[in-house]
Every structure is written in C-alpha cells, then in structure tokens.
1. Of these, K200, K190, K171, which one is among the basic types (K, R) and either outside any helix (DSSP H, G or I) or crowded, with 20+ Cβ neighbours inside 10 Å (or both)?
2. Applying the selection to region 120-133, what residues are buried (at least 18 other Cβ atoms within 10 Å of the Cβ) and part of a loop (DSSP other than H, G, I, E, B)?
3. Run L170 past the list (1) at pLDDT 95 or above; (2) over 24 Å from P80 (Cα atoms) and report the number of the one that doesn't hold.
4. Quick check on region 62-77: of everything there that is surrounded by 23 or more Cβ atoms within 10 Å (Cβ to Cβ) and under 13 Å from V233 (Cβ atoms), which residue is modelled with the lowest pLDDT?
5. Check R109 against each of (1) at pLDDT 95 or above; (2) closer than 19 Å to P229 by Cβ; (3) outside any strand (DSSP E or B); (4) not hydroxyl-bearing (S, T, Y) and name the one condition it does not meet.
6. Look at region 145-162 and say how many of its residues are within 19 Å of F175 (Cα to Cα) and not in a strand (DSSP E or B).
7. So which residues in region 214-244 are assigned to a loop (DSSP other than H, G, I, E, B) and buried (at least 19 other Cβ atoms within 10 Å of the Cβ)?
Amino acid sequence: MLRCHSTRHAAFLAIGLAVALASGCKKDKKAAPTDNSPPSVNPGGTSGGKNGQGRETASGPPAGWCEARDAVGGYRVFMPGDRPVTPDFSRAGGQENRPTGCYASMPSRSIKAEVHTFSLLPSRELKLGTAPDELFAALRGFMPVLDSNHDVLKKEPTTLDGKPALKVVLKKKPFSRPKSPIDDDPAFAKMRADEAAREKAEQAKRQVFYITNTSTRVIIVQVDTPDEPEPAVLKTITDSFKFL
C-alpha cells in the first residue's frame, strides 16, 4: 500500500477491492491564500495553520508537515509533505460506498516517511468492532495479499484520539529465486550484486498500519519508511490524529 519522488506506491483496497495509487505527481504552483486554499505548513508548529478545508486550527503542523482532513472518514492527521491530496477513487465502486483518503502531494525530503490514509465501508462479512482481532481482520480485508506477501513483525493494541486501535508493522517476505546456471558465471557477477542490493533495500523497508473505525467506516493510516520508522515521526502522526 494503500511522495516529486522515485516511487509512490501504496496498496489500498476497498474491502476486497484493490486500488493502486499512481506515482509521479507534480508539485502544484502555490496560489494566493484563500478560504479554500491548501493548508499551509507552520514552520514553528505552535501558531495556527490552515486545515484541508481552509479553516484555522489552534496548532498547525510542524515544519515539513501538512494537515490532511477527510470529512467523509471523519478525521484529521498530520503527514510529512507539502500539501494534502485526495486520491481518485472514482473506479472503486459507487459514489456512496467508495473509499476516501489523503496523501501528501510532495513528500518531505527531510522526513523519512510517506503517509497515506483511507476510510472505507466494511464488507458484510466484517464485524465493525474494536477488538484487536476485529481490527486485524479489517486490515486483511483492505490488503488481501498481507499473509502471502508480508511478515507481521508487530501487532499491538494502541489508541487513536482515545479510541481503540491496532498497530501493525509489516515487512515484505524475502524474495526466493531458484538457483540458475548463470549464478556461477563471473560475467553475471554485477547483475547478481545489483539484485542482492535491491533485495536488501526491500527487506529494510517497513509498513506501519494504524487501524481503527467510526460507527460506520474503517479508518486506516499507512506509514511507509525505507527502514525502521523513527519513533518521533510515528508519535507526531498518532498524536495529531483527531476525529472530527
């Protein structure tokens, strides 16, 4: 899953429906501030900033962060980057049941994290509960390839804005390639070294998910990092999460 930059990728699914988030977005030209202008990044993190709907907030995001709001999902959260963008979910079901969410249009170069958020209606088979097993089932529905493609490194109860939530940390399963006749050929040494370097980088990546819900929708915050996530970054994200 489920930032311009070399890779924008997040696996996100509307309970059984995979939606790929395309990469390569271009940074928008800044417009003069209006009531409907994108949220401003607050350099000090103490005075007010603007939220995704143009309203003033009591405390704006820190430098390098922006505030994203999902009115349908009913939450706001800080994420590293220039300004929040709403993904195009027009192909993900009807208007009433399609997912909603946010990501940053231009990821921060200084903060090693990429954040995506999603809200979606639960499937009929899913109980909209707050027990850890129920929240993990919601993540599995959102990400059907979880068990086959990922190892679960951590799964622990937590809270978001005082409401029960689940924190799940994933890494990709190691790539297994059958031995080939060229493996012993010195001429292919560089190719094998490059392949090993790519696999090492993939194994270092982490995906952190926070799953909670409202009375009607599953809420998922996804944090992708190139290595172990910095605790201060995760704290900024979770502390800023508020239900609207």
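The values are calculated or read from the model by the stated rules, or taken from the named source; none is laboratory data. Since this is a predicted model, take the numbers as computed values, not measurements. Here the Cβ positions follow ideal geometry from the backbone for every residue, glycine too, while neighbour counts run over all protein chains shown.
1. Numbers: K200 fails: either outside any helix (DSSP H, G or I) or crowded, with 20+ Cβ neighbours inside 10 Å (or both); K190 fails: either outside any helix (DSSP H, G or I) or crowded, with 20+ Cβ neighbours inside 10 Å (or both).
That would be K171, the only listed residue that is among the basic types (K, R) and either outside any helix (DSSP H, G or I) or crowded, with 20+ Cβ neighbours inside 10 Å (or both).
2. Restricting attention to region 120-133, the residues satisfying the condition of being buried (at least 18 other Cβ atoms within 10 Å of the Cβ) are 120, 122, 126, 132.
Of everything in region 120-133, those that are buried (at least 18 other Cβ atoms within 10 Å of the Cβ) and part of a loop (DSSP other than H, G, I, E, B) turn out to be P122, L126.
3. The failed condition is (2).
4. For region 62-77, the residue satisfying everything is W65.
5. It fails just one condition, (1).
6. So the first thing to find is which residues in region 145-162 are within 19 Å of F175 (Cα to Cα), and the list is 145-153.
Narrowing the set further to residues that are not in a strand (DSSP E or B) leaves 145-149.
Residues meeting the conditions: 5.
7. Kept after step one, since they are assigned to a loop (DSSP other than H, G, I, E, B), are these residues of region 214-244: 214-217, 226-230, 241, 244.
R217, F241 - these are the residues of region 214-244 that are assigned to a loop (DSSP other than H, G, I, E, B) and buried (at least 19 other Cβ atoms within 10 Å of the Cβ).
Here's the yes/no breakdown for (1) among the acidic types (D, E); (2) surrounded by fewer than 18 Cβ atoms within 10 Å (Cβ to Cβ); (3) within 17 Å of the chain's Cα centre (by Cα):
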{"site": "E114", "(1), (2), (3)": "yes, no, yes"}
{"site": "F118", "(1), (2), (3)": "no, no, yes"}
{"site": "L135", "(1), (2), (3)": "no, no, yes"}
{"site": "S148", "(1), (2), (3)": "no, yes, no"}
{"site": "E156", "(1), (2), (3)": "yes, yes, no"}
